[in-house]
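The values are calculated or read from the model by the stated rules, or taken from the named source; none is laboratory data. Just so you know, these numbers come straight off a predicted model, no measurement behind them. Here the Cβ positions follow ideal geometry from the backbone for every residue, glycine too, while neighbour counts run over all protein chains shown.
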Amino acid sequence: SKLKEGLDKTRKGITDKIDDLFNSYGEIDDKLFDELEEILITADVGMQTTMTLIDLLKAELKVRKVKDVHEVKTVFKDVVEKMLTEKDNKPFSIEKTPTIIMVIGVNGVGKTTSIGKIAQKLKDDGNRVMIAAGDTFRAAAIEQLKVWGDRTGVPVVHQSEGSDPAAVVFDAIQSAKARKVDVLICDTAGRLHNKVNLMNELAKVFRVIEREYPEAEKEVLLVLDATTGQNAIQQAKVFNEAAQITGIVLTKLDGTAKGGVVLAIDSELDIPVKLIGVGEKVEDLQLFDAHDFVEALFN
Ligand code: GDP
């Protein structure tokens, strides 16, 4: 499958090594767990999450009275899936219209591309979609969104570079109401180096939304780049202080062996992964489903 293909590098980083380990090992002992721990940490699962997973695995092996090392992988797979499904990891969907989706994240993570892909997806599902080019600090981001708009036939509300993002969102909301848009997707600036500015700016945009569009269902998606591994977790922690994030879009999983970061995000942040990017095409942005993910990763 496309998902499996997209996880190729991560499969090499995690699954192939786990398979080698379990195939070459004679018994279930501390050394086996130590080696598993090292594989997981190397694959950016993160120290804390790795420890949690190993503890869960040990407990589950005891419960199931597993003695054969070849059965450990199946139990491990179940433990990972259980961890991923324990939280409310509902796949991304539009529950109610109108919905306004704020898309936040650092420059370069794939924010603009993800907005274009989400717009296409929602349009294909039969929604009236509109995009607001709220990252007014980058002319390139505005241009790129216009290209996506042309490609998908989705209107893009924009102003000139340097204008007030809150003003763009204000305009977009009026236009969305007039055109009875189902989903308004707003880009935002992603200059993380100035945290205070970023927070103030996001807060201002949120105030406009509260005031002008109280009837809209709100979704705040944080876009993270999987190739940055543990750094993505740090970004999420900073953005989490600035906004009530409702879901994560994890891009570029196809470009990294660090796909283990999905597990770290799930267990260290209380935010569900909702969409994952496994390539540059529109269809490469997929709804995250824990079961499918685990099957694609381990089988
Ligand atoms: P922004 O600065 O956050 O708006 O980032 P862009 O949307 O411009 O994306 C940066 C680059 O990442 C572009 O070349 C995209 O094509 C690429 N990209 C985005 N998502 C994915 C993905 O899931 N897989 C791969 N391979 N590339 C991606």
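Ile115 is checked against (1) out of contact with any helix residue (DSSP H, G or I) (no Cβ under 8 Å at 6 or more places or on another chain); (2) surrounded by 19 or more Cβ atoms within 10 Å (Cβ to Cβ); (3) in contact (Cβ under 8 Å) with a residue 60 or more places away in the chain; (4) not hydroxyl-bearing (Ser, Thr, Tyr) and fails just one. What number does that condition carry?
Here Ile115 clears every test but (1).
Being assigned to a helix (DSSP H, G or I), in contact with a helix residue (DSSP H, G or I) (Cβ under 9 Å, 6 or more places away or on another chain) and either within 16 Å of the ligand (Cβ to nearest atom) or free of Cβ contacts under 8 Å to residues at least 60 places away in the same chain (or both): is that true of Arg191 here? If you could, list the steps in order and put the result at the bottom.
Values: assigned to a helix (DSSP H, G or I): no; in contact with a helix residue (DSSP H, G or I) (Cβ under 9 Å, 6 or more places away or on another chain): yes; either within 16 Å of the ligand (Cβ to nearest atom) or free of Cβ contacts under 8 Å to residues at least 60 places away in the same chain (or both): yes.
When the stated conditions are applied, Arg191 does not pass them.
Just for the stretch 225-247: of the residues that are in contact with a Ser or Thr (Cβ under 6 Å, 6 or more places away or on another chain) and part of a helix (DSSP H, G or I), which one is surrounded by the fewest Cβ atoms within 10 Å (Cβ to Cβ)? Explain how you work it out, then say what you get.
Taking the stretch 225-247 first, the residues in contact with a Ser or Thr (Cβ under 6 Å, 6 or more places away or on another chain) are 225-227.
Okay, now just the ones that are also part of a helix (DSSP H, G or I), so 226-227.
Numbers: Ala226: 28, Thr227: 21.
Looking at residues that are in contact with a Ser or Thr (Cβ under 6 Å, 6 or more places away or on another chain) and part of a helix (DSSP H, G or I), I get Thr227.
Among Leu263, Leu250, Leu222, which is within 13 Å of the ligand (Cβ to nearest atom) and either under 19 Å from Lys9 (Cβ atoms) or part of a loop (DSSP other than H, G, I, E, B) (or both)?
From the options Leu263, Leu250, Leu222, the qualifying one is Leu250.
Taking only the stretch 69-120 into account, find how many residues are more than 16 Å from the ligand (Cβ to nearest atom) and of a type in the set (Phe, Trp, Tyr). Don't jump to the end; show me each part of the working.
First, the residues of the stretch 69-120 that are more than 16 Å from the ligand (Cβ to nearest atom): 69-91, 93-100.
Those still in the list that are of a type in the set (Phe, Trp, Tyr) too: 76.
The qualifying residues number 1.
Go through the stretch 131-150 and report how many residues are in a helix (DSSP H, G or I) and more than 13 Å from the ligand (Cβ to nearest atom). Quick ask: steps written out before the conclusion?
Filtering the stretch 131-150 for residues in a helix (DSSP H, G or I) gives 139-150.
Restricting the remaining residues to those that are more than 13 Å from the ligand (Cβ to nearest atom) gives 146, 149-150.
Total satisfying the criteria: 3.
Scan the stretch 272-292 residue by residue and report those that are touching a strand residue (DSSP E or B) at 6+ places or on another chain (Cβ under 7 Å), more than 8 Å from the ligand (Cβ to nearest atom) and either over 12 Å from Thr85 (Cα atoms) or not aliphatic (A, V, I, L, M) (or both).
Pro272, Lys274, Leu275, Gln286, Leu287, Phe288
Return yes when Asp164 is at pLDDT 95 or above and either touching a Lys or Arg at 6+ places or on another chain (Cβ under 6 Å) or among the acidic types (Asp, Glu) (or both) and no when it is not.
no
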